[in-house]
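Take a look at the structure set out below.
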Amino acid sequence: MSGLGNSATHESASAPDNCPPQYIRYLERPNGVVPICKFSGAVVIKVRDDLWSRTWWAFDGDSVTAFSWEAKQQLGQWDPRFDEDYARWLATQPVSECSGC
């Protein structure tokens, strides 16, 4: 991964700000509802300073990768789980009544 602008960093996964919406669960606690991310962290890969991929991981060994458009174009094929999970989640969301908002 050598080269100017190429990097890998680790981030904590915290809902709702740093967790994909399809992987957020809500738990009822005595003080209210708390969002919880299914994953514990994410490894972010940048190539030429542009996001290439973000792999979300959990301590139980589960992981899922979100690939950038550019990565998908160059790879040709990839694990579509992230996109499929997002599409399923999106299909369950209520339709907005305000089309021009």
**OP:** Return the residue satisfying two criteria in turn: it lies in region 8-52 and is in contact with a strand residue (DSSP E or B) (Cβ under 6 Å, 6 or more places away or on another chain) and among the charged types (D, E, K, R), and of such residues it is farthest from T65 (Cα to Cα).
**Re:** R25
**OP:** Would you mind telling me which numbered condition in (1) acidic (D, E); (2) at pLDDT below 95; (3) not in a loop (DSSP other than H, G, I, E, B) E97 fails?
**Re:** (3)
Subject >> Pick from region 1-23, criterion over 10 Å from the mean Cα position of the chain (by Cα) and not in a loop (DSSP other than H, G, I, E, B), ranking: surrounded by the most Cβ atoms within 10 Å (Cβ to Cβ) >> reply: S14
Original post:
Looking at D79, is it among the charged types (D, E, K, R), surrounded by fewer than 15 Cβ atoms within 10 Å (Cβ to Cβ) and modelled with pLDDT under 95?
Top reply: no
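The values are calculated or read from the model by the stated rules, or taken from the named source; none is laboratory data. Values in this document were obtained by computation on a predicted structure and should not be read as measured data. Reconstructed Cβ throughout: ideal geometry from the backbone, glycine too, with neighbour counts over all protein chains shown.
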